[in-house]
1. Sort 74-80, 465-471 for me by packing, meaning the mean count of neighbouring Cβ atoms within 10 Å per residue, highest on top.
2. What's the ranking of 235-243, 54-62 by average number of surrounding C-beta atoms within 10 Å, highest first?
3. Between His233 and Glu472, what's the calculated FRET efficiency when r is the beta-carbon distance and R0 is 45 Å? Round to 0.05.
4. Using amide H atoms built 1.01 Å from N in the peptide plane, name the residues 5+ places from Asn368, or on other chains, whose amide H lies under 5 Å from its own.
5. Which one of Pro241, Phe179, Val15 is farthest out on the positive end of the charge dipole of the chain, using unit charges on Cβ (Lys, Arg +1; Asp, Glu -1) and the Cα centre as origin?
6. Evaluate E = 1/(1 + (r/R0)^6) for Glu317 and Arg491, where r is the Cβ-Cβ distance and R0 equals 60 Å; express this FRET efficiency to the nearest 0.05.
7. Provide the FRET efficiency to the nearest 0.05 for the Glu407-Ala431 pair, computing r from the beta carbons and using R0 = 30 Å.
8. D for the stretch 54-172, whole µm²/s, Stokes-Einstein with Kirkwood Rh over alpha-carbon pairs at 37 °C and 0.692 mPa s: what number?
Amino acid sequence: MKVLVANRGEIAVRVIRACRELGYPTVAVYSEPDRAALHVLYADAAIAIGPAPSRESYLRIDRIIDAAQKTGADAIHPGYGFLAENAEFARACRDAGITFIGPSPESIDAMGSKTESRQRMKAAGVPVVPGLTEAVKSFDEIADFAKSAGFPIMIKASAGGGGKGMRLVERESDLRSSFERVTSEAQSFFGDGSVYAEKFVPQPRHIEVQILGDQHGNLVHLGERECTLQRRHQKVVEECPSPVVDAELRERLGAMAVKAAAAVNYYSAGTIECLMGPDREFYFLEMNTRLQVEHPVTEMVWGVDLVKEQLRVARGEKLTIRQEQLAPNGHAIECRIYAEDPARNFAPSPGLIRYLNLPQGPGVRNENGVYAGYTVPVFYDPMLSKLVCHAATRDEAIARMKRALTEYRVEGIDTTIPFFSSIMDNADFRAAKFDTGFIDRVLPTLDLQGNRASAGHVDAAIAAAAIMAFEETQRVQLPNDVDSAWRRAGRADAMRGRL
Ligand code: MV4
């Protein structure tokens, strides 16, 4: 199998590593500004697929299929984002006789619509958030639902997901304007204006279950991840296991996730996203039909290489792991390191990385997509790398993450590293007391300037560097390529301990 990786950055590097360990040659694809990106350097071959904008490169199905054919790749791994959950792309691979390293296009389609997936999950006996399972045909149907269910409710786009195209409605007087708003947003975001309504689950946690299936109908779960800490629907810290899930609840969540995946004949790696209320009732929210950003926390705790499993499953092999053999071990935490300045409201900070020191040592894993001397382009997601720490307990994993963050150095651009140091010190985070509003509540209380060098420090550093450079020019240079009697005598003295 020769694998083309239809992605960039750390996830492309991650997939290339798994391929190399299994002995499969790899092909990287790259846009113009990505010519010298890390994934291009690591792959066995690389092929250009177009200019900077993703629409003209990483999202071009025709160019990626063409690149696979030109380089003789017979399989494509989509990573996450870009074309990973695009059923049309999975079909284009199938039509071209190329193995898509992911689920079937039918599974992607079934889970791509919120209303269709809710219908299928309900039919399979998977708990969904109480509410409608069909898109409404008129405002009156929303008003009827609100009347019978009571406020607050959420209006969501049928074609939505990941926080786009949804609105909380707390009172009747806001209902019509919210309905119109979500309908028009859905039309412009997804080209599909259909919407439906759900009961609002207050103070939820976002808990998701990792599943893995083969093409022979075998499915296992690998427990849950705690993904509640988000900012603007972007996850910032993820953990495995969730500090609020015990073994009994894990078993129920896992059984639910396997049932959900089986209902759409799922194979490959996938994730069932759930909302969980403070009463620990959980509801299916949506399924991500791809490998996820935060998959390493599951890998470290469950001892399974999810990317290698995806590669084996794509070749038609049966899963070799059975549910009874799987057990969680310890605790893992992931911080997503972004080229953003947390002290300036997370403004993008692209540019040249002048110096990079990645943390190392016991239990530390870097999923890194950059290097010193690399220029972070403005065109793509600003995630540079993921720092993942594993230890025996949650407290030890937090201490290890704090230690690793102090070793982490990135010069030239701003990153979210200081923000994570503050989170790791936060008492509520340490006590695992948080819901989806946590990040917005703590942000104003954080001192993110602390790690930044003041103007005075920078001036002092420049003066010190200038003095050092001058002293270097004044140093007596001993010729080291000539042998001399003096030099021999000096060495002999030194060896006799006379100096
Ligand atoms: C909800 C909800 C409360 N009740 N649905 C946000 C992302 C999208 N996948 C679904 N989301 C939510 N749906 C009901 N019926 C609260 C959220 C939500 C949220 C969920 C998970 C993680 C962070 C969140 C932040 C705000 C809102």
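The values are calculated or read from the model by the stated rules, or taken from the named source; none is laboratory data. Keep in mind that this is a model prediction, so the values were computed, not measured. Here Cβ is always computed from backbone atoms with ideal geometry, including for glycine, and neighbour counts include all displayed protein chains. Just the protein is used for accessible areas: all its heavy atoms, side chains included, with ligands, DNA and RNA removed. Shrake-Rupley method; radii C 1.70, N 1.55, O 1.52, S 1.80 Å.
1. On the way: 74-80: 23.6, 465-471: 9.4.
Going by the mean number of other Cβ atoms within 10 Å, highest first, we get 74-80, 465-471.
2. Values: 235-243: 22.6, 54-62: 17.3.
Ranking, from highest mean packing down: 235-243, 54-62.
3. Between His233 and Glu472 the formula returns 0.30.
4. Lys386
5. Comparing the listed Cα positions along the dipole, Val15 ranks first.
6. Numbers: r = 64 Å, r/R0 = 1.07.
Once the sixth-power term is evaluated, E becomes 0.40.
7. Details: r = 26 Å, r/R0 = 0.86.
That pair, Glu407 with Ala431, gives E of 0.70.
8. Details: Rh = 16.9 Å.
Answer from the Stokes-Einstein relation: 194 µm²/s.
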